[in-house]
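All remarks here apply to the structure that follows.
The values are calculated or read from the model by the stated rules, or taken from the named source; none is laboratory data. Remember, it's a predicted structure, so these values are computed and weren't measured experimentally. With ideal geometry, Cβ positions are generated from the backbone for all residues, glycine too; neighbour counts draw on all protein chains shown.
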Amino acid sequence: MGTLKTKCMGLDLESPVIVGSSGKSSTAASVAELGRAGAGAVVLKSLFEEQIVHFAAQEARRGGVVYGQQDLDGFISYYERKHTVAEYLQLIRDSKKGSPIPIIPSINAVSEGEWVNFAGELVLAGADGIQLNLFIPISDPNKDSEVVERHYVEILRRVKMAVRVPVAVKIGPFFTNLPGMIRALEGAGADGIVLFNRYYSPDINIESLSIKGAVPWSNPMEFTQGLRWIALLSKFVKTPLIGATGIHDGQTLIKFLLAGAPAVEVVSAVYQRGFSVLGEMNDTLSRWMAERQYGEIDQFRGKMALGPETSEAQRSAIERFQYMKTFGDRED
């Protein structure tokens, strides 16, 4: 029987199925259960930089002095040390005690603030790696895109300087030159790049004329964007490209491995189908490998990725972004 072991971010995983950051990874008991269910690694629920900043700003507006701190920056530092971070560090310790799989804390970051200094504390608590969920919201049309992109790279560079464990970056697809951005993150030391983050989206209630949250779960057809870019780039960058969003079953897992990903992250499927979906995905992969006499994932990983040997027909199918060939000849 073949092995499902894979190497991702420099970490040895027993399965290519990683449970992404969510409420399902917010307690040590849940993390242990995810490991028993078949997860190769778990990304812990994110520590949000914006939560700390928002809380601090609220307190500062009430009087300007918070717990003896004379300025907002000072309070943020105090609050991080005494509250949120302490709880998060304990989650890492407890998760490491309760499960043998790699534990990866997640930081949802938008700036190069003092939180970077706490990355080392995550490692001291037992983190096997760190995942940065990066998104810098820009609504100013006058802001230069190159400045924004350099900000992403600098955040990663600073975290890499602070720790000696693998650091992955989870990004969205909204870059003018995505391959160039991935190459820049690789140059800054990324040990893995997760494609793609699925951001919170708003919806409008047309009866009450109010803003509400859109459906939080991905659907099984959302995988194609990440699949395309991993197939396009996995043979041209050394940094592992990890699949995410829309991965709900073992068949989609296999597609990402064929495109060149060493692993994928799943969240919505765990919410919608329960922890057993992890074992089902592993079983589907095992059967598929056995039918084709593959003994390990690296024997077929990247088989469908774009490369020098790719046929023109396959190259065109991967690279095509417009849909003329799909709908242009249809009249029904």
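Side notes on the structure shown:
- When the range 168-186 is filtered for residues that are surrounded by fewer than 21 Cβ atoms within 10 Å (Cβ to Cβ), small (Gly, Ala, Ser) and out of contact with any Lys or Arg (no Cβ under 9 Å at 6 or more places or on another chain), only 180 remains.
- Evaluated against (1) surrounded by 13 or more Cβ atoms within 10 Å (Cβ to Cβ); (2) over 16 Å from residue 264 (Cβ atoms); (3) aliphatic (A, V, I, L, M), residue 231 falls short on exactly one condition, (2).
- Of residues in the range 253-284 being touching a strand residue (DSSP E or B) at 6+ places or on another chain (Cβ under 8 Å) and of a type outside the set (A, V, I, L, M), the one farthest from residue 298 (Cα to Cα): 265
- Residue ID - modelled with the lowest pLDDT, chosen from residues in the range 132-152 that are surrounded by 13 or more Cβ atoms within 10 Å (Cβ to Cβ) and within 12 Å of residue 109 (Cα to Cα): 136
- Listed by first and then second residue, the pairs with beta-carbon distance under 7 Å, at least 6 apart or on different chains, first residue in the range 144-168 and free of Cβ contacts under 8 Å to residues at least 24 places away in the same chain, second surrounded by fewer than 19 Cβ atoms within 10 Å (Cβ to Cβ), are 148/136; 148/138.
- Among the residues making up the range 220-256, those that are in contact with a helix residue (DSSP H, G or I) (Cβ under 8 Å, 6 or more places away or on another chain), closer than 16 Å to residue 197 by Cβ and in a loop (DSSP other than H, G, I, E, B) are 223, 245, 246, 247.
- When 156, 185, 132 are checked against the criterion of being in contact with a strand residue (DSSP E or B) (Cβ under 9 Å, 6 or more places away or on another chain) and within 23 Å of residue 253 (Cα to Cα), a single residue qualifies: 132.
- Residue among 260, 250, 243 that is more than 24 Å from residue 312 (Cβ to Cβ) and crowded, with 23+ Cβ neighbours inside 10 Å: 243
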